[in-house]
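The values are calculated or read from the model by the stated rules, or taken from the named source; none is laboratory data. Since this is a predicted model, take the numbers as computed values, not measurements. Positions of Cβ are generated from backbone atoms using ideal geometry, with glycine treated the same way; all protein chains shown enter the neighbour counts. Surface accessibility is based on the protein's heavy atoms, side chains included, excluding ligands, DNA and RNA. Shrake-Rupley method; radii C 1.70, N 1.55, O 1.52, S 1.80 Å.
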Amino acid sequence: MNGDSRPALRQRNFSGTIPPMSQPAALIIDDERDIRELLSITLGRMGLRVDTAADVAQAKARLAETHYTLCFTDMMLPDGSGQQIVEWIAANHPRTPVAMITAHGNVDAAVTALKAGAFDFVSKPVDITILRRLVQAALKLAEEKGSDAPRTDASRLLGDSSAMTQLRATIDKLARSQAPVYIAGESGVGKELVARLIHEQGPRATAPFVPVNCGAIPAELMESEFFGHMKGSFTGAAADKIGLFQAAAGGTLFLDEVADLPMHMQVKLLRVIQEKAVRPIGGRAELPVDVRILCATHKDLGRLVEAGQFRQDLYYRINVIELRVPPLRERRDDIPKLAGRILERLAGNSGGAPARLSPDALDALLRYSFPGNVRELENVLERAVALCENNMIAADDLHLSTRARVPDLAAAPAVAAPQEDEDDDGLDDEATGVGLDSYISNLEREAIMKVLQETRYNKTAAAKKLGITFRAMRYKLKKLGID
């Protein structure tokens, strides 16, 4: 701030207008008077009562006397560090959001603070727009803290196993933070659903959730898709276009299969995370963006970093908190409930009664390792509904691969170590990856051909019998190359 504005700031008496205690209160911890005054004015205009502290000792004294709705702390303090404040608040006031004020470009300190439990961070010089959005998110979070009960919608993340109970509890905690989350898990476990729940249970729930599959965007179009472009910036740019970051403003951007980003986009993504700003193609200035980033991939990012295929600095930025989604084979006890819900949904699509699983069919499902996880379970049951007689699914209707079955159900624990799963399942490269996709496609082709023959190649009747829409039927015929 310049010299002209400081006298005006000093004239304002913040202690003279203290509102009722029901008003949300904020604590600003910074040894620079200009920063304390700037934040006090901004937060005061947003309706908050503001207290300040110039060092760690004063901050702890304030926190011992008053409950604060949110806190801001500088990174460097005369008698300690902001990191100490973050850790102390996390231990003593775990439901009080605290944001770190960092020096420009010092994202390493921000990442460390986020790992320690900080709600978010803001860089100097403080951008007032970003600051207001951060405060609004913290206030929304405070409104939701009246109950300690988990807010996750259990009807969308099914399972009573210990693994799923722990996952729901972790989602509830992560929803209160703004830290980047890396969601790890095999294909088909439901990583996007987990990302949506983190978004929906947090203070950004009313803002957009924008999912993007990084592997589905051509490399030459990535920069335009992510950051937008200005009219005339390249051939074909007939109008201004906002990018995915701007489309997710105030909300969450979910980068699925982030491991598929090419190196040049990894560099640009790293800069966006560090600067909290994007520059559209052809733009002259960077535009501030307020977006929470969630990432996921079925690949081992750590190994990709070691192999030089993924930037280590980006890995540490997006992997502030890692959340592992368990594969279906580690929660076999959830299979009956999942299967029942899937069969109900399939029946709702076709308008009939839900198909039932015979005892031998259920036993077969429990013995199967599901290398394709929940997505494979859905595909298996969809085929079985189309092939079964009298709405009763027998084991033979499931067409499960014998190579992916657990030999002895009694000896197969509900939660098994990964190495034991590999040994027990007897899987090799042909039963996973491309081999699995090919196997599933062959089963789909056989099921569709059988129904087409039964309906004398009436596609509308075949689609109805398979329990899918006519549009989905046309898509599958094209995808499988059935003329």
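Here the extension length gained between residue 57 and residue 239 equals 60.0 nm, from 0.36 nm per residue of separation less the Cα-Cα distance. Modelled this way, with points 7 Å down the Cα-to-C-beta line, the labels at residue 33 and residue 358 are 8.5 nm from one another.
Extension gain residue 458-residue 91, at 0.36 nm per residue separation less the Cα-Cα distance, in nm?
Values: separation 367, 0.36 × 367 = 132.12 nm, distance 6.58 nm.
Once the chain is fully extended between residue 458 and residue 91, it gains 125.5 nm.
Can you give the extra length, in nm with one decimal, that the chain gains between residue 333 and residue 162 once fully stretched, where that is 0.36 nm per residue apart less the Cα-Cα distance? Numbers along the way, then the final one.
Values: separation 171, 0.36 × 171 = 61.56 nm, distance 0.98 nm.
Length difference between fully extended and current span is 60.6 nm.
Note on segment 350-397: with neighbouring protein chains present and a 1.4 Å probe, carbon and sulfur make up 48 percent of its accessible heavy-atom surface. These residues, 45, 324, 383, go from largest to smallest accessible area, 1.4 Å probe, as 45, 324, 383. Pairs from the table (124/241; 124/276; 140/173; 268/299; 115/140; 450/476) lying more than 18 angstrom apart at Cα are 124/241; 268/299; 115/140. Ordered from highest to lowest accessible area with the whole protein assembly present and a 1.4 Å probe, 31, 160, 172, 396 read as 396, 160, 31, 172. In segment 178-293, the alpha-carbon atoms span a convex hull of 106 Å³ per residue.
Provide the per residue accessible area, probe 1.4 Å, for segment 182-318, rounded to a whole number of square angstrom. Mind showing how you got there, number by number?
On the way: 5810 Å² over 137 residues.
On a per-residue basis, 42 Å².
What is the set of long-range amide H partners of residue 277 at a cut-off below 5 Å, with H atoms built 1.01 Å from backbone N? Amide H neighbours of residue 277: 289.
For an R0 of 25 angstrom, estimate the FRET efficiency from the Cβ-Cβ distance between residue 449 and residue 298 and round to the nearest 0.05. Intermediate results must be reported in sequence, preceding the final value.
Details: r = 30 Å, r/R0 = 1.21.
So the FRET efficiency works out to roughly 0.25.
Packing order of peptides 352-359, 189-196, highest average first: 189-196, 352-359 (average count of other Cβ atoms within 10 Å over each peptide's residues). Couplings 3J(HN,Hα) of segment 221-238, computed from phi: 9, 4, 4, 5, 5, 7, 10, x, 8, 9, 4, x, 6, 7, 4, x, 7, 7 Hz, in residue order, whole Hz [Karplus 6.51 cos²θ - 1.76 cosθ + 1.60, θ = phi - 60°; x for Gly and Pro]. Under 13 Å from a label point 7 Å along Cα→Cβ of residue 392: give me every residue in segment 316-356 with its amide N that close. It comes to 356, nothing else.
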